[in-house]
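Worksheet: the structure to be examined is printed underneath.
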Amino acid sequence: MPNTGYRKEIDGLRAIAVLVIIFFHMKIPGFRGGFIGVDVFFVVSGFLITQIIVSSLETGQFSFRDFYIRRVTRIIPALAFTVAAVLLCSLYLQPPQALVHTAQQSIFALLSVSNVFFWMESNYWAPSAEKFTLLHTWSLGVEEQFYLVYPLILFAAHRLGGLRGVVTLLLLTLGVGIYVSEIATRSHPAAAFYFAPLRFYEFALGGLGTFLVLRMHGLQKIPWFSGAITLLGVLLILVSAIYFNSLLPLPGVLILLPLSGALLIILAGPSPSARLLLSNPLMSWLGKVSYSLYLVHWPIIVFYRQDFEAHPSPLQLAGLFAATLVAAGLLNRYVERRFRLSHGGNLTAGGMPTRTALWYTGGAVLLISIVSGILIVAKGWPSRMPPAAQALMEIDPGVDRRARRQYLEDTCTPAGAVFCGERTPGKRTILLLADSRGTDLYIALREAYPQANVMVAFAPGCPPTFSPTLGHRIFFNQCPEFNQARLKEALDAPEHDVIFLAADLSIRREKAMFDTVRRLRAAGKTVFLLGEFAIAVPKKSPIDIAIGALRFRDERYLERFLVEEPFRLDGDYAEKINALGAVYVSNKPLFYDGRYHFDDRQTGNLLTDDGVHLNTFGAKKFGQYLRSNYPLP
């Protein structure tokens with residue numbers, strides 16, 4: 001099988017793949033399925049590698065040694081340089097715990113097993129994964145593991161059955177792979193996403209393209225037909241990038257849509273459409289630097305969002321994209337191309353002997369791994385942080401969370417089937433119906449109204465509403481039934497009882513919350529609704545923000561990570577709730593005095609450790625605020 005040589009349109013295909021990935025990671029509207037660009041790369045790799053290996057096998061010139069050396073010099077130098085740059089940036093930008101995690105990622109990336117690391121660590125779609133500076137290297141792990149195994153099985157198939165044996169192998173890999181991936185996607189989605197063997201069928205489809213392209217050679221000479229095939233392929237990829245999302249069962253059978261698009265572009269060859277859309281100078285350049293683009297884009301995005309701007313504006317996104325292009329161009333020119341082997345294989349493109357290039361590459365990998373190991377053992381080098389920041393790093397939110405829970409269990413007795421606590425003669429009774437904020441608000445209410453008896457019914461992820469459809473069953477499976485029981489007790493409570501409702505407020509829950517307040521008021525109840533709490537984006541904890549403010553000596557550091565329009569629900573909610581005869585309690589004065597803050601302005605103590613719940617100190621401070629501003633009627 002002859003090697004068809006360089007094809008410009010494949011560089012254009014690479015350009016499309018890397019662009020939709022970057023747009024997806026930058027959260028450009030309309031590209032929520034841009035992650036399929038990785039799958040397009042797998043098809044391209046399967047096509048090119050099969051073409052290279054089978055051509056060499058047919059001429060009797062294939063060498064395992066030459067193949068693996070070329071893969072190492074093609075992939076590892078640029079990867080090692082990127083990992084080293086990420087570690088250096090992390091030393092300045094990341095607190096110790098995050099730096100330790102980056103060092104761990106670095107070692108796994110250099111060992112080509114990032115996919116295994118992230119499978120053990122987190123779901124790709126989890127919010128926490130957006131902090132992982134080398135998350136994107138999972139696909140390199142899959143690809144490198146493919147390169148390790150594929151020549152061996154292809155050699156064996158060719159030895160046993162020639163070209164027919166190779167085609168049979170690819171067809172079996174494709175058919176079995178699709179079937180197994182579809183099952184795994186629904187039963188073990190993380191494994192289906194990360195495990196290399198469950199992705200091999202994507203490479204196999206590209207490998208089959210090596211044989212199909214020969215049969216398409218005659219059709220490629222029909223301009224209108226080949227042009228239409230190219231357009232169809234581009235359309236399939238773009239439709240997938242636009243309409244796919246994380247909720248679909250992917251990869252599985254659905255991923256064949258963009259895979260088929262990539263294959264069609266390869267089969268169409270240098271059609272008129274390909275020359276116009278894919279082979280122009282811009283797309284050709286983007287394709288040539290696509291590997292470097294892929295390497296640098298994600299760390300740039302992560303560092304920017306973590307330390308500079310959680311919600312980049314369109315202008316800032318354009319700047320990030322431009323910076324990515326510049327960084328990729330430099331990496332491609334001074335590292336990637338200089339280490340790539342020349343056609344003879346004895347020298348790199350930069351004129352360096354192959355043996356020297358391998359020594360440099362191995363030395364770099366070893367040195368970076370050693371440095372990463374030292375950072376892990378040193379626990380992220382905490383002494384580089386200001387003393388006050390080091391004190392903040394010692395805070396364990398779990399300790400205070402457990403202490404709040406223990407305090408509630410010790411003081412809110414007896415523990416009933418729905419509410420804890422009991423009515424005491426001569427005391428006013430407060431019924432607190434809450435989601436996971438039950439523990440901190442219990443402390444706040446006891447601090448605010450020591451003359452009252454506080455009874456609590458709370459459950460994580462379960463907003464106290466009459467609506468049977470609300471409630472995160474992943475946290476608490478019996479939310480609708482629990483709500484029915486606790487709201488019935490609230491409705492049946494004595495007239496002088498006071499009801500406090502607390503939940504994670506959102507536009508989606510607006511109708512249910514209003515209906516709940518309306519029904520309680522119609523029953524003659526005194527009702528308080530505790531307002532919106534979220535200030536900063538979830539991926540940036542108050543502790544991290546406080547540490548960052550000290551590290552960068554920036555009192556307005558928090559403002560980089562505010563949610564859009566903090567407490568924007570206050571105005572609308574307060575007006576509507578108060579119109580019902582209830583009382584809306586805004587949390588804003590606790591966190592805003594001309595600028596937003598997570599610390600108490602008098603003592604400097606943090607009010608919240610996780611941005612979702614008040615810590616013990618914050619709960620008592622909130623209680624004092626309630627006592628001063630919201631006395632019981």
(message) Here's a check for you: in region 242-286, which residue that is polar (S, T, N, Q) and within 19 Å of residue 210 (Cβ to Cβ) is modelled with the lowest pLDDT?
(response) 271
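Specify which of the listed residues (174, 163, 91) is touching a residue at least 12 places away in the same chain (Cβ under 8 Å), part of a helix (DSSP H, G or I), crowded, with 17+ Cβ neighbours inside 10 Å and out of contact with any His (no Cβ under 9 Å at 6 or more places or on another chain). Full working, then the answer.
Values: 163 fails: crowded, with 17+ Cβ neighbours inside 10 Å; 91 fails: crowded, with 17+ Cβ neighbours inside 10 Å.
It is 174.
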(message) Pairs needed: first member in region 615-629, free of Cβ contacts under 8 Å to residues at least 24 places away in the same chain; second member anywhere, of a type in the set (S, T, N, Q); C-beta distance under 7 Å; at least 6 residues apart or different chains.
(response) 617/605
(request) Exactly one condition in (1) assigned to a helix (DSSP H, G or I); (2) at pLDDT 90 or above is not met by residue 511; state its number. (result) (2)
(request) From (1) buried (at least 19 other Cβ atoms within 10 Å of the Cβ); (2) of a type in the set (A, V, I, L, M, F, W, C); (3) more than 28 Å from residue 432 (Cα to Cα), pick out the condition that doesn't hold for residue 562. (result) (1)
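Taking residue 27, is it touching a Leu at 6+ places or on another chain (Cβ under 9 Å), surrounded by fewer than 20 Cβ atoms within 10 Å (Cβ to Cβ) and either aromatic (Phe, Trp, Tyr) or free of Cβ contacts under 8 Å to residues at least 40 places away in the same chain (or both)? Before the answer, list the steps.
On the way: touching a Leu at 6+ places or on another chain (Cβ under 9 Å): yes; surrounded by fewer than 20 Cβ atoms within 10 Å (Cβ to Cβ): yes; either aromatic (Phe, Trp, Tyr) or free of Cβ contacts under 8 Å to residues at least 40 places away in the same chain (or both): yes.
Answer is yes for this residue.
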(request) Would you check which residues across region 120-154 are assigned to a helix (DSSP H, G or I), at pLDDT 95 or above and not aliphatic (A, V, I, L, M) and list them? (result) 136, 137, 138, 139, 141, 143, 144, 145, 146, 147, 150, 151
(request) Of the conditions (1) touching a residue at least 60 places away in the same chain (Cβ under 8 Å); (2) among the hydroxyl-bearing types (Ser, Thr, Tyr); (3) in contact with a helix residue (DSSP H, G or I) (Cβ under 6 Å, 6 or more places away or on another chain), residue 246 clears all except one; give me its number. (result) (3)
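Identify, from the list 485, 490, the residue that is outside any loop (DSSP other than H, G, I, E, B), modelled with pLDDT of 90 or more, surrounded by 21 or more Cβ atoms within 10 Å (Cβ to Cβ) and in the same structural domain as residue 406 (by TED's automatic domain parsing). Lay out the reasoning, then the answer.
Details: 485 fails: surrounded by 21 or more Cβ atoms within 10 Å (Cβ to Cβ).
Among 485, 490, only 490 is outside any loop (DSSP other than H, G, I, E, B), modelled with pLDDT of 90 or more, surrounded by 21 or more Cβ atoms within 10 Å (Cβ to Cβ) and in the same structural domain as residue 406 (by TED's automatic domain parsing).
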(message) Of the residues 469, 439, only one is polar (S, T, N, Q), at negative phi and either buried (at least 20 other Cβ atoms within 10 Å of the Cβ) or at pLDDT 90 or above (or both); which?
(response) 439
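Out of the residues in region 246-280 that are in a helix (DSSP H, G or I) and polar (S, T, N, Q), state the one that is farthest from residue 6 (Cα to Cα).
Of the residues in region 246-280, the ones in a helix (DSSP H, G or I) are 256-268, 272-277.
Among the residues that remain, those that are also polar (S, T, N, Q) are: 260, 273.
Values: 260: 21, 273: 18 Å.
Residue satisfying both the conditions and the ranking: 260.
The values are calculated or read from the model by the stated rules, or taken from the named source; none is laboratory data. Everything numeric in this text was worked out from a predicted model, so none of it was measured. As a convention, Cβ positions derive from the backbone with ideal geometry for all residues, glycine included, and neighbour counts pool all protein chains shown.
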